[in-house]
Amino acid sequence: DCSVQRRHQKIIEEAPAPGLSSDLRNELGMAAVRAAKAVGYAGAGTVEFILDRKTHSFHFMEMNTRLQVEHPITEMITGTDLVEWQLKIASGEEIPVKQEDIKLNGHAFEARIYAEDPRGGFLPGAGPLLYLRTPNASEDVRIETGVRQGDEVSVHYDPMIAKLVVWGKDRSEALIKLNSKLLEYHIAGLETNVNFLLDLSNHKEFVAGNVHTNFIRDHNDSLFREEKLSDAQLANATLAVVLTDEMDLLKDAIQRNDHYNPFVVESGFRVNYRLIRDIKLKYKGEDVVIKVKYGESNQYSISTNNGKSWQSAKGTLSECEDG
């Protein structure tokens with residue numbers, strides 16, 4: 001099922017399709033075979049149908065004479081290698097199994113990680129991948145990508161960064177795994193759709209399997225709730241700025257062979273004085289100023305405009321009980 005789309009392009013797919021009976025699935029398969037035979041086609045291909053979610057009648061849309069981007073979810077639930085089969089067919093060999101030999105096992109999701117701005121109409125983005133950390137691949141998690149940290153997402157090509165494919169014993173387990181692995185994606189340098197995919201896959205109607213081609217449009221208000229920046233996010237962003245500056249200072253000092261300088265060893269070191277620094281952040285065009293007081297042994301006290309305060313030690317934050 002590839003129903004959930006934006007700009008008429010897929011962003012999340014799953015197999016087997018939710019709410020589809022085995023009889024209807026067989027009908028779709030036989031219709032696909034008839035379409036291929038009608039034109040004498042031999043090779044790997046994908047036939048697409050559109051299904052009326054009320055009457056369950058289906059209609060032919062198109063046939064692609066190739067594998068689709070979402071072929072990994074088919075491979076995950078059937079234990080097959082469609083790319084290998086494609087090569088075998090091209091070299092004149094026969095497929096090693098019959099249709100009746102293929103059994104469905106479990107459930108699989110594929111989420112497409114894009115460099116795009118969901119709140120800006122899903123417009124594609126471009127720029128450097130300054131930081132890229134992905135989930136670890138395993139037997140039930142596939143990470144398919146063609147980029148690495150430091151690469152550039154170009155305006156000349158599709159802005160897809162990766163495909164995240166997960167498998168579970170059933171739809172519920174696969175969905176939990178999808179959410180878990182999306183949380184392990186960390187990308188800096190440009191806007192991505194990772195957070196949107198999390199909101200989408202956690203939406204109650206998606207969880208229930210009520211997917212359709214107008215899903216995003218019909219649930220626009222609940223998927224795009226008004227964003228509010230929390231004090232915790234401000235404090236974490238401020239700490240990230242402080243630690244980044246500290247690393248840059250240390251790298252520069254090492255190059256100058258000056259890394260034993262107390263002003264470098266002890267970040268924010270001052271004689272008989274605790275440095276208090278204003279960090280200026282920008283959110284939706286507005287400036288936000290956060291105060292940071294430097295302590296001993298790389299400890300920091302961070303205060304927001306709302307009177308909340310946080311203590312940081314060894315790169316981790318904890319909110320002060322007295323606020």
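Of the GluC sites (Glu not before Pro) found in the range 115-191, those that fall in a DSSP loop while having at most 11 other beta-carbon atoms within 10 Å are Glu139. Among His71, His186, His8, His156, the order of accessible area from largest down is His8, His156, His186, His71, computed with a 1.4 Å probe on protein heavy atoms. Against the empirical curve 2.2 N^0.38 Å, the C-alpha radius of gyration of the chain lands at a ratio of 1.29.
Based on Cα contacts under 8 Å between residues 6+ apart, the chain shows a relative contact order of 13 percent. Placing +1 on the Cβ of every Lys and Arg and -1 on the Cβ of every Asp and Glu, with nothing else charged, gives the chain a dipole about its Cα centre of roughly 400 debye. Rounded to the nearest 20, the size of the Cβ-charge dipole of the range 72-119 about its Cα centre is 140 debye, with Lys and Arg at +1 and Asp and Glu at -1.
Summing Lys and Arg as +1 and Asp and Glu as -1 over all other residues whose Cβ lies under 12 Å from the Cβ of Asn195 gives a net charge of -3. Note that the chain presents 60 Å² accessible area per residue, ligands and nucleic acids not counted, probe 1.4 Å. Among the GluC sites (Glu not before Pro) found in the range 221-250, those both in a DSSP coil and sparsely packed, with 15 or fewer other Cβ atoms within 10 Å of their Cβ, are Glu226, Glu227. Partner lysines whose Cα lies under 17 Å from the Cα of Lys308, excluding those fewer than 8 positions away in the same chain, are identified as Lys228, Lys280, Lys291, Lys293. The phi-based Karplus calculation (6.51 cos²θ - 1.76 cosθ + 1.60; θ = phi - 60°) puts the 3J(HN,Hα) values of the range 70-75 at 8, 4, x, 5, 5, 4 Hz, whole numbers, x for Gly and Pro. Rounded to the nearest whole Hz, the Karplus-based 3J(HN,Hα) values (6.51 cos²θ - 1.76 cosθ + 1.60, θ = phi - 60°) of the range 26-37 follow the sequence 5, 4, 4, x, 5, 5, 5, 5, 4, 5, 5, 5, with x at glycine and proline. Listed by chain and number, the lysines whose alpha-carbon sits under 21 Å from that of Lys54, ignoring those within fewer than 8 places in the same chain, are Lys204. With all protein chains in place and a 1.4 Å probe, the accessible surface of the range 113-181 carries 52 percent carbon and sulfur.
In summary, the lysines within cross-link reach of Lys98, defined as a Cα separation below 18 angstrom excluding same-chain residues under 8 places away, comprise Lys37, Lys88. Between the residues Phe58, Val83, Pro72, the greatest Cα displacement towards the positive end of the dipole of the range 49-109, with unit charges on the Cβ of Lys, Arg, Asp and Glu, is found for Phe58. Distance from the alpha carbon centroid of the range 51-103 to that of the range 106-123 works out to 23 angstrom. Taking chymotrypsin sites (Phe, Trp or Tyr not before Pro) across the range 1-62, the ones in a DSSP loop with at most 13 further Cβ atoms lying within 10 angstrom of their Cβ are Tyr41. Please report the net charge: other residues with Cβ closer than 14 Å to the Cβ of Asp278, K and R +1, D and E -1. Charge balance near Asp278 sits at +3. Ranking Leu130, Asn257, Thr213 by Cα position along the charge dipole of the chain, where only Lys, Arg, Asp and Glu carry charges on their C-beta atoms, puts Asn257 farthest toward the positive end.
The values are calculated or read from the model by the stated rules, or taken from the named source; none is laboratory data. Computed from a predicted structure; not experimentally measured. Quick reminder, even Gly has a Cβ in these numbers, built from the backbone with ideal geometry, and neighbours come from all protein chains shown. For the accessible areas, the whole protein counts, side chains as well, though only heavy atoms, and no ligand, DNA or RNA atoms are used. Shrake-Rupley method; radii C 1.70, N 1.55, O 1.52, S 1.80 Å.
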